[in-house]
1. Quick one: dipole size for chain B, taken about the Cα centre, charges +1 on Lys/Arg Cβ and -1 on Asp/Glu Cβ, in debye to the nearest 20.
2. What's the percent breakdown of Cα-Cα distances in chain B across 20 Å bins, shortest bin first?
3. Note the full-extension length gain between residue B:191 and residue B:624 as 0.36 nm times their separation in residues minus their Cα-Cα distance, in nm to one decimal.
4. For segment B:208-231 and segment A:14-50, what is the centre-to-centre distance using only Cα atoms, to the nearest Å?
5. Return the single residue from A:186, A:235, A:269 with maximal mean-square fluctuation; model: Gaussian network over chain A, springs between Cα atoms under 10 Å.
6. Run the helix sum for the protein assembly as shown: -39,500 (n - 2.57) per DSSP H stretch of 4+ residues, divided by residue count, reported at 222 nm to the nearest 500 deg cm²/dmol.
7. Taking R0 as 60 Å, what FRET efficiency do you get between residue B:664 and residue B:155 from their Cβ-Cβ distance, rounded to the nearest 0.05?
8. Which value in nm describes the separation of the simple spin-label points at residue B:513 and residue B:201, placed 7 Å from the Cα toward the beta carbon?
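Please treat every number below as a calculation from the coordinates, not as lab data. Note that the structure is predicted; figures quoted are calculated from it, not measured. Cβ sites come from the backbone with ideal geometry, for glycine too, and all protein chains shown count toward neighbours.
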Amino acid sequence: MTFLFGLMAQSIQMLLVLALAPLLIGLLRKLKARLLRREGPPIIQPWRDLLRLLRKEVVLAENASWLYRAAPYLIFAMTWVAASLVPTFATGLMFSWSADLIAIIALLGSARFFLALAGMDIGTSFGGIGSSREAMFGSLAEPATIMIVFTVSFIAGTTQLSEIAAYMVANLELRASVGMALVALLIVAVAENGRVPVDNPATHLELTMVHEAMVLEYSGRYLALIEIAAALKLLLYISLIACVFFPVGLASHDAGPKAMAIGLGAYVLKLAIGGGMLALFETSRAKMRVFRVPDFLGAGLMLGLLATLLVFVTRSL
Amino acid sequence: MPLYLALTCVSALLAVSVYAIVDRQNRAISRNVYRLCLGLCGALFLAAVMPRGAHVVSAALPLGLPWIGMHFRIDVLSAFFLAVVNLGGAAASAYAIGYGAHEKEPMRVLPFYAAFIAGMNAVVLADDAFTFLVAWEFMSLASWALVLTHHHEEENRHAGFVYLLMASFGGFALLMAFGVLGGVGGAYDFATIRESTKEGWKTGLVLALALVGMGSKAGLAPLHIWLPLAHPAAPSHVSALMSGVMTKVAVYGFIRVVFDLLGPPAFWWSIEPMSFGAASALVGVLFATIQSDLKKLLAYSTIENIGVIFIALGLALAFKANGMALPAALAFTAALFHVFNHSLFKSLLFFGAGAVLHGSGERSIERLGGLIHSMPKTAFLFLGGCVAIAALPPLNGFASEWLVFQAILLSPALPQWTIKLLVPAVGVALALSAALGAGCYIRAYGVAFLGRPRSEAARAAHDPDRWSLGTMAVLLTLCLIAGLLPSLLIDTISPVARDFVGDRMPTQAELSWLSIAPIAESRSSYNGLLVFVFILFSAYSARWVIHRFGSARSRRGPAWDCGYIVRSPTTQYTGSSFAQPIRRTLGVMAFSVRERLDMPAPGDMRPARLTVEIKDRIYDYLYAPLTRAVASCATGLNVLSLLTIQQYLSLVFAALVFLLILVAI
């Protein structure tokens, strides 16, 4: 019975992230539009777009290889698995131990690897430019993430996200290192998801674009999979920040349905707040030049390193 | 029994190399030699894994120096490295049964090939300093001869020269190291050295000399400059052996001296391996990212991986010195696991590069492209190797790097301030090199295998023979198994950790669902198999749902590319343009890059030209002054060759008196 319940909770989490991710994007677009005094599309619009894309025929470039056709499924699957391993409404779900925080980051790295390869498969200059820049951003953002992982795991004494969240709930205190890690993670999250000021998700045909350049040749169901993977990634980062730094309301896996329901409500609220803050941030910033991005990410890396050093130093005192 | 089997096989390998010379007229000689090597490596692998009854098996043979003899021994460490060496050796031989047939001058490869494998095995089996050094030099010289296989090319002759210099330098450092270890009494067998007491200054000196000697062979920065020249110069299966296996023999030597012979470590021993390891990891990956020669790129990436291994070994030393046996076991296991993994995927990638070289005749990725269409099988296998080496789950490279990260996460408990400040810096270097490594292989694979062919050779390329493909497939399968079931490997390595750092990781096979948890499940755990199953399940269910309820139709058309219609393959991103952002942002750390744009004035008809000049700082600031100093010394000493007989006699007399005074003091 507990097995079935555990399996159910895990499946609910998987389906929940899948269902919420496009809605998060929809909310973000709506809020951004409202901030610019436009009406904006309804929140459900990304789901409508996805379903429309899924029903459409795919137009493949003449020299697309099998890798190009397999990549969307792999990218989607890896991001989905990573997103469903981050605690959303409850900690310690059935398979939460199968990958710790480092493995989740690395799974996103795998997805990036295949996305960048897919960008180069057709052999167009746009694809190459996107992949090249994605590789550069990734090679700075990933170490910054690892440094953040170091900081929080040094403090909590574990790399298991569920345990970290449980520790953070039990030991609510202000720490300078955690603050720095939070800022660093925000920087990484903005860069990894290609949001303003690093990349503009709303543009096409702009020389500074990154993500859109890589997926330029994709259409139909492949494009839908990549879009939903991008939405899942954004959701993952917001869940990660919420779970590590604001673990309020998280239910434990053996808590009853009532605690789970509260956790679910808290999670949706956190997502909405995260989306709202991102919308506010995006509308108040201009996009930066592509070669300024390494400085931006470098600041994240340095903050992460400082936080780690701080933990190392204070740990012994 | 295993030791005698191993020694017989080593002698048989030497006999094979004689056979290769004697029977050189035979048409099938190449295939015969590689088949024999495959069989002997297989037998040696069996000798390594067969149960040994006693924990340690040793033997002394009345060979070599009369009053010393030659001592051989198999313990858990040598058995592990014996397995790694011969797995790599067997793979290279199997690959070469097909690939070796294309060699134009087989006589420049075959005798040295068998001797090279024999030398590597002998190093691992040696149990006294004399045997070790003889085997070491044998291995160096045999591999040097293999580097000079294609000696008609100027570049390769230069590579051979630099390699010979660095190998003699490293061998000299090792000679000194064992000299200091053995002492004036000349007790050179490892058992005596192990028992003897070492004074403080001696351990420091031996540690430095061992790091120089073994590090120069392993390719530790800044002693790495020969490696990217020499490894690619040899035929591809030999490159795989040199990069995948010989560097591991050097790691074995380092472990043998520092973890075994030198006795209990002090905490400062860890500083050198960690800092040089971190430097190697960064230098290696940054240079790999800007290479356009596929084999050179792989060689630089070897330097990176050796750096990772040395970082883990340094951590193990630090933990061991502080009496933290369990974390030490974790770091040590991570190092050995990465040794095993790297030997697998580096061999696989070099075989792939060999297949590309044979299939298209090109080594530069700038003239390749679209190989996924012309060499589909190689492309698939090479992709697997790239995913593995880029440390991406669920393959094996990630499993071992994950263990290294877990070891770093245990380091705040170390009491020394030096290490406390060093470890986070090393952690950043490790994280950076892992991330850059992924970028580097995106570039290598994307430019060489994806896109459209940039030359006729790339369009007309073809897959290699069945032996080559089969070997690569076996290696990829091993990578997958090691990645999905890392617990198997960890439990195999555990006895080595128990003997050399005093503890072992908890038995992983007992954990549920075959996951791994280095310390405790509440602390960290990873289950490659489950993650892999989840990914496959999600991908297939998504595919099924979409095909069932959405659309499964597709049609081919010209690429969109924002309406740009010039279809020349030169419009693609090249390798150097791909590396440009990284060159520009991170390049200043490792190399000085100067970009010069020569833009003709309007009306001027000459083409605009962008020249990029990349200089190796290590070469400019370390080796170039050294070369100049040696050259000027040599010129200065030239005077001595033009003396008269009286002057010579007085010089000899003065030297004699000087030495006698030195001895008297």
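1. Numbers: 46 positive and 35 negative charges, 349 e Å.
For this selection, approximately 1680 debye.
2. Using 20 Å bins, I get a P(r) of 17, 51, 27, 5, 0, 0 for chain B.
3. Details: separation 433, 0.36 × 433 = 155.88 nm, distance 4.13 nm.
In short, 151.7 nm is gained.
4. The distance from the Cα centre of segment B:208-231 to that of segment A:14-50 comes to 55 Å.
5. So, out of A:186, A:235, A:269, the one fluctuating most is A:269.
6. Working: 36 runs with 663 residues, N = 982.
Computed ellipticity for the protein assembly as shown at 222 nm equals -23000 deg cm²/dmol.
7. Numbers: r = 52 Å, r/R0 = 0.87.
Rounded to the nearest 0.05, the efficiency is 0.70.
8. 5.8 nm
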